[in-house]
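A quick write-up on the structure given underneath.
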């Protein structure tokens, strides 16, 4: 009976998302329709699509694993996003004023073609990695719902095929309007489910009795440096996130872009806190067993075993939908890079809208298959998340922020920053690299974020100081 309920909920959600994708496909006629939804998204749609694309497997699995192990100290990870959003409020109208198609468009306009190419490579590597762990997380959800018939690997294939299909159909228009339905569903379900689980766990008294005191401390089991290794990559990914900029490029106006950030801030504060709370309550209810060995499953596991059948099915369905949404966003984004920054820019600048749409859909399929390959052979979701966040944070975000806020950052400074940030991140955990540099053990044991970020920012500052200032025409496009 319970399995039948899960099937009904998941099939209903999948059918609704597919219907939205097919409907929006009928309205896609041009490149702008596909890549930036015809620049027609109102503020309410922007709020829900920004919220839904940001909170995916990184929060529902990696963040939940962090909360299971460290309690409310796991809020250090989403706090990076909250800090980033405060700055984004001022960036959003400038981004909409610029109104191109991809982030490398911005990099070329402010810097040069080399910055565009290197930025495209960094985005492809980071975003396909992010897509891959969405596939992996979705496969785990399907396995938890149907443990006897769907293995995690089979579930990963099923999720990947569905995401590739719905994303290829209508591009940004499909992604944005699917997010409206998913964002509404997830927010309502989490608001209802959280107090139910709090009561089941025995309230604050029950939680304090079941969990160690560190679960309620600011740092918990984390050191301050480790907490910052969660916060900083999240904040920098938020600030330079191409998915976000493409949504701003898709807005109806600069005013809609600014308003959407206010709603996004409020929604992210609420939803990320609820997700961490659900994982902490689940850790009190299920401290041992299967989920203790695989703590990234704590939210879907708690949904299935800790809530009434219908509510549990809805929460599982919400997690399922959320993973699909984030996977669609991070798959579509690098596909648009291949189309706009490679195909249209260098191969076929005069290509017709029909030809661009065909190539766009082919790019979604190819990158989806690459992400699926990574998902099958990926390490833990948390490790994959930190790797993807780091390569993007170190290589791309500093030069994007400099484009808006620095009049002295030069083209070759940006090129040096993107290249050095990418190289350090890729080599940091390579065998023999740290020994070759004779790094002290204290530094060698750390994640790549701070070394990669330091090298990238230093390269940006030093090389910019040694090369000619940007022209007035380059700066004018990014002024208030």
Would you mind stating whether residue 146 is farther than 29 Å from residue 265 by Cα, modelled with pLDDT under 85 and out of contact with any strand residue (DSSP E or B) (no Cβ under 8 Å at 6 or more places or on another chain)?
-> yes
If you take the residues of region 419-447 that are more than 19 Å from residue 119 (Cα to Cα), within 28 Å of the chain's Cα centre (by Cα) and surrounded by 14 or more Cβ atoms within 10 Å (Cβ to Cβ), which of them is modelled with the highest pLDDT?
-> 428
Residues of region 189-240 being closer than 30 Å to residue 401 by Cβ, exposed (fewer than 13 other Cβ atoms within 10 Å of the Cβ) and touching a residue at least 60 places away in the same chain (Cβ under 8 Å), which ones?
-> 218, 225
Of all residues making up region 319-355, the number that are surrounded by fewer than 20 Cβ atoms within 10 Å (Cβ to Cβ) and in contact (Cβ under 8 Å) with a residue 60 or more places away in the chain | 3
Exception for residue 350 within (1) part of a helix (DSSP H, G or I); (2) modelled with pLDDT of 80 or more falls at (1)
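Hand me the list of helices (runs of 4 or more DSSP H) wholly inside region 217-301 holding 1 or more residues that are within 23 Å of residue 50 (Cβ to Cβ) and more than 16 Å from the chain's Cα centre (by Cα). Working first, answer last.
Working: elements: 224-240, 242-249, 254-285, 290-293.
Result: 242-249, 254-285.
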What is the residue count in region 277-296 for residues that are closer than 30 Å to residue 369 by Cβ and surrounded by fewer than 24 Cβ atoms within 10 Å (Cβ to Cβ)?
-> 2
Which is more than 17 Å from residue 320 (Cβ to Cβ), in a helix (DSSP H, G or I) and at pLDDT 70 or above, of 18, 10, 75, 60?
-> 75
Spot the failing condition for residue 105; the list is (1) in contact with a helix residue (DSSP H, G or I) (Cβ under 6 Å, 6 or more places away or on another chain); (2) at pLDDT 70 or above; (3) under 30 Å from residue 413 (Cα atoms); (4) surrounded by fewer than 23 Cβ atoms within 10 Å (Cβ to Cβ), and only one is missed.
-> (1)
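The values are calculated or read from the model by the stated rules, or taken from the named source; none is laboratory data. Source: prediction; values computed, not measured. Heads up, the Cβs are rebuilt from the backbone with ideal geometry, glycines too, and the neighbour counts pull from every protein chain shown.
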